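Okay, structure first, notes after.
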Amino acid sequence: MSMPKVYLSCSPEEAEQLGYCPLTSEDVINNLLVSIAMEEMGVSHIINAIGENLQYVIDDPNGCNPSADEMIKMNEEIGEALEVLACLENSFVCKTNIALQLSGNEVSVPNFECECDYGD
């Protein structure tokens, strides 16, 4: 996967002349939305990988038949992973609210309470 593009409102020549490129509020909003989209894409890949692993265990053509206890343990581990991803999604909601506020938009996306235990 390639690195995301950072959107700036000045030309490379202007940035070289000034020694930096001043960010406009539109630049900040665009870059914030791009970062949210990239993170969401990463989460979707993680969820897809979890699903593929589960499907492999269940439909293993080599005859791997997990016991009920193994399936319960796997289910618990998947549940824990999805809880962490749900907390991450909450941070995306916060970022979206920030982008909406910066854009002057009055719409607010609700924040969800999240109590994550990261294995402490």
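The values are calculated or read from the model by the stated rules, or taken from the named source; none is laboratory data. Since we're looking at a predicted model, the values are computed, not measured. Cβ: placed from backbone, ideal geometry, glycine included. Neighbour counts: every protein chain shown.
For the range 37-71, the set of residues classified as aliphatic (A, V, I, L, M) and touching a residue at least 40 places away in the same chain (Cβ under 8 Å) consists of 43 only.
Quick grid of which residues meet (1) in contact with an Asp or Glu (Cβ under 9 Å, 6 or more places away or on another chain); (2) among the polar types (S, T, N, Q); (3) farther than 28 Å from residue 24 by Cβ:
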| residue | (1), (2), (3) |
| --- | --- |
| 41 | no, no, no |
| 60 | no, no, yes |
| 70 | no, no, yes |
| 73 | no, no, yes |
| 79 | no, no, yes |
| 92 | yes, no, no |
| 97 | no, yes, no |
| 103 | yes, yes, no |
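In the range 14-36, the residues that are on the phi < 0 side of the Ramachandran plot and in a helix (DSSP H, G or I) form Cβ pairs under 8 Å with partners that are surrounded by 12 or more Cβ atoms within 10 Å (Cβ to Cβ) and among the charged types (D, E, K, R), at six or more places apart or across chains, as follows: 32/95; 35/95; 36/95.
What do you reckon, is residue 74 under 12 Å from the mean Cα position of the chain (by Cα), at pLDDT 80 or above and not charged (D, E, K, R)? Judged against the criteria, residue 74 is not a match.
In this entry, residue 58 is excluded by the filter for residues that are surrounded by 12 or more Cβ atoms within 10 Å (Cβ to Cβ), among the β-branched types (Val, Ile, Thr) and closer than 30 Å to residue 94 by Cβ.
Results for (1) at pLDDT 80 or above; (2) out of contact with any helix residue (DSSP H, G or I) (no Cβ under 6 Å at 6 or more places or on another chain); (3) farther than 17 Å from residue 85 by Cα, shown as yes or no for each residue.
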| residue | (1), (2), (3) |
| --- | --- |
| 12 | no, yes, yes |
| 22 | no, yes, yes |
| 26 | yes, yes, yes |
| 30 | yes, yes, yes |
| 37 | yes, yes, no |
| 45 | yes, yes, no |
| 56 | yes, yes, yes |
| 59 | yes, yes, yes |
| 62 | no, yes, yes |
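The residues in the range 77-120 that are loosely packed, with under 11 Cβ neighbours inside 10 Å, assigned to a loop (DSSP other than H, G, I, E, B) and modelled with pLDDT of 80 or more can be counted, and the count is 1. Considering only residues in the range 17-46 that are within 12 Å of the chain's Cα centre (by Cα) and surrounded by 14 or more Cβ atoms within 10 Å (Cβ to Cβ), the one that is farthest from residue 102 (Cα to Cα) turns out to be 46.
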